[in-house]
Structure formats: structure tokens, C-alpha cells
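Trainee: Structure below; questions to follow.
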Amino acid sequence: MNISFRQIKAFLHVARLGNFTRAAEQMHVTQAGLSIMMRELESQLNCRLFDRTTRNVTLTAAGQEFLPVASRMVQELESSAQYLGELTDRANQTLNVGVTPLVASNILPAACRMFRLMHPEVNIRLVDAIPAQVQHMVEGGELDFGLGAFFKPTSGVELVSLFEYQLMWVAPVDFNAPEGGPLPDAKVIPWSSLIDVPLMGLPPENRIQQVVEKHLAAIGRANEERLTLNNFETVIAMVSSGLGTAIVPSYANAACKRYGVRTAIINEPAASLSFYRITKRGRAEAVLMPDFIDAFVSAVPIHTL
């Protein structure tokens, strides 16, 4: 027996339409060619599948029996072809991801390791840059998505919050706070305890630093002259060396542990901020982006009180 997939598809078209002419049009073959395919199929099955008249075509009893079998065969073959095509697409896929430097060095390694366990065949192209540059590359179609704490909402991008984070005070482990400052073993401190504590920070255009300054303004410390560095990783390293204390996002906890600095969540009032995934509006979602996002969120270090 040598039945082809094309013959089965042709049988289903004729059975559905009840007309050889219209079925031939949908198959993009001549009516004579379609008739030959059906005669060959009937010869292979050793039975007549259709009753033909000048007006219409109907299924015989044998044709009625064969119809669900043929439908199932086509459905299973098409599903298998789609699945194999998706496997091929995944094998050839590259995820283009943009992240900020602190995230790149402290969260991304664990996230990429988890993702590669699920999809070892997928290439990951990473760009670590400031949020404005990541957003520009997403809008320009150079990146599938970006990850970061602050992006500017525009009509050309979609922002999705992935998790909430807080602000965290970091200090050398041997830091001696002034009177009224944070207690040595405190894991949660109020903003008011930082009135006389030496602080370093990021440039004023940094969005997280802008939130920090709003809270410092409430205790009379907004926009002071202080040591300013360009990224949180450097700030934490400087804290570790004893040059002062700083306020950083709580997702920097992994870096804080690596540099061996003391940490405490700041509340009264608490600052709950969103960490975002950004994509270009209207662009088709990368097939494996959800899996990467799941791995990424799982890798985010949680500050434990």
C-alpha cells in the first residue's frame, strides 16, 4: 500500500465540499488530476469512497468509515510537522537581551545558567548598558527585550512589571554610626536614622537616585555634595573599602554579600519600586522570552530580614 498525504488531503476536501471542481480549486490541481488521485486512493484501499452523480458527490459507507481515520491522520501529521518546525526554530534562535550593569553582573549569570539547562541549544546575546541605551536598542529592534529598574514610558514600548523591590542601606561591617544612626544589628531602619550618616550615590539623572533624593529631602538631606559614582556595583565596592555608606536597590543583595557589606532595608516610609521587562510595541514576542523571564525572576536575590 502506497497512500500519499496529498491523496488523503484531497479525499478530505472532496468529502467536505461534495464537489470535485471546488475541491480541485482548493488543492490547486485540475479536476482531472484530482479524479486520478481519488481513483488511485480507491484502488489502494480496494473500495469505492464516493458515489458520483452529475450534481454532487457523496460518501459511500466505506467513505464514511474512512473519513474519521483520514481526518485523524492529517491532524496528527500536521501537528507533528508544526512541533518539529518549532524545535528547528528554537535550535536556530538567538535571544537578544539588554540589561543594566548591576543586573548583568549579579543576577544574569544564575539566570543564564538556569535557562541553558532548559534550552542548551539557544544562543543568548547580552548587552549591558544604562537604561536609556537599553530602551533605545529595544525601540530600534536590536534587542528582543530589556530588563531594568527604570525605563521611560513611550508609545513605542510596552513595560511589564516583573517584581517589586525596596531601597536598602549598605555600610561597611565595622561602620560606627553616629548617635541616632542605625543600630549595629538592625535589619530594618527608618529614613530618619540616616540624618547624620555619610552617604555616597549615583549621578542625579539616575532614576533610582532621584527616588532616593526625594526621601532624603524629607529628612533635610536632598542633593547634598557627596561622592558620586556611575553605577551601583562601584558604589558597593567603595562602601566595602570603607569610604562611606550608600542606598541601593534590594536586588543588589548578591553584590552586597560578595563584597561583604552590611545591609538593612529602609522603611518609614517604605519605598516599593518596580523592576520591568521592556519590549517594542507591535513586535512579535520571542518564543523563549517567557522561559528566560522565569529563570531571571527565580535568580533575583531576595533580601531576607
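Only the coordinates and a few stated rules stand behind these numbers; no lab work does. Quick caveat: nothing in here was measured; it's all calculated off a predicted structure. Cβ placement follows ideal geometry from the backbone for every residue including glycine, while neighbour counts extend to all protein chains displayed.
Trainee: For the ranges 121-129, 290-298, what's the packing order if you count other beta-carbon atoms within 10 Å of each residue, average per peptide, and put the highest first?
Mentor: Most protected by this proxy first, the peptides run 290-298, 121-129.
Trainee: Taking the dipole about the Cα centre of the chain, with the C-beta of Lys and Arg at +1 and of Asp and Glu at -1, give me whichever of Gln64, Ala186, Leu126 is farthest to the positive side.
Mentor: Selected residue: Gln64.
Trainee: Using the Kirkwood radius over C-alpha pairs as Rh, can you work out the diffusion coefficient of the chain via Stokes-Einstein at 25 °C, viscosity 0.890 mPa s, in µm² per second?
Mentor: So the translational diffusion coefficient is about 101 µm²/s.
Trainee: Now for a different question. Specify the residue with the greatest mean-square fluctuation among Gly85, Gly63, Gly244, computed from a Gaussian network of the chain linking alpha-carbon atoms under 10 Å apart.
Mentor: Comparing Gly85, Gly63, Gly244 in the GNM, the peak value goes to Gly63.
Trainee: Same structure, new question: Grab the Cα-Cα distance for Glu268 and Glu25, subtract it from 0.36 nm times how many residues apart they are, and report the gain in nm with one decimal.
Mentor: On the way: separation 243, 0.36 × 243 = 87.48 nm, distance 7.35 nm.
Extra length available between Glu268 and Glu25 comes to 80.1 nm.
Trainee: GluC sites (Glu not before Pro), restricted to the stretch 1-70: which are DSSP loop and have at most 13 other Cβ atoms within 10 Å?
Mentor: Answer by residue number: there is no such site.
Trainee: Nearest 20 debye, what's the magnitude of the dipole of the chain about its Cα centre given +1 on Lys and Arg Cβ and -1 on Asp and Glu Cβ? It would help to have the intermediate numbers written out before the result.
Mentor: Working: 26 positive and 29 negative charges, 208 e Å.
Value, rounded to 20: 1000 debye.
Trainee: Continuing with this model, one more query. So which helices of the chain fit the span-like rule, where a helix is a whole DSSP H run, its Cα atoms reach 24 Å or more along the axis, and its mean Kyte-Doolittle is at least -1.0?
Mentor: Span-like helices here: 61-91.
Trainee: Helix-only estimate, please: 222 nm mean residue ellipticity of the chain, summing -39500 (n - 2.57) across DSSP H runs of length 4 or more and dividing by its residues, to the nearest 500. Each step should come with its number before you reach the end.
Mentor: Values: 11 runs with 131 residues, N = 305.
The helix-only estimate for the chain comes to -13500 deg cm²/dmol at 222 nm.
Trainee: Mind checking which of Gly201, Gly220, Gly98 has the largest fluctuation in a GNM of the chain, springs on alpha carbons under 10 Å?
Mentor: Answer for the Gaussian network model of the chain: Gly220.
Trainee: Now a separate question. Please identify every one of the GluC sites (Glu not before Pro) in the stretch 166-248 that sits in a loop by DSSP and has no more than 16 other beta carbons within 10 Å of its own beta carbon.
Mentor: Answer by residue number: Glu179, Glu205, Glu224, Glu225.
Trainee: Which residue, chosen from Asn230, Ala15, Phe175, occupies the Cα position most advanced towards the positive end of the dipole of the chain, where the dipole is computed from +1 (Lys, Arg) and -1 (Asp, Glu) charges on Cβ about the Cα centre?
Mentor: Toward the positive end, the furthest listed residue is Ala15.
Trainee: Of the peptides 48-54, 265-271, how do they stack up when ordered by the mean number of other Cβ atoms within 10 Å, highest first?
Mentor: 265-271, 48-54
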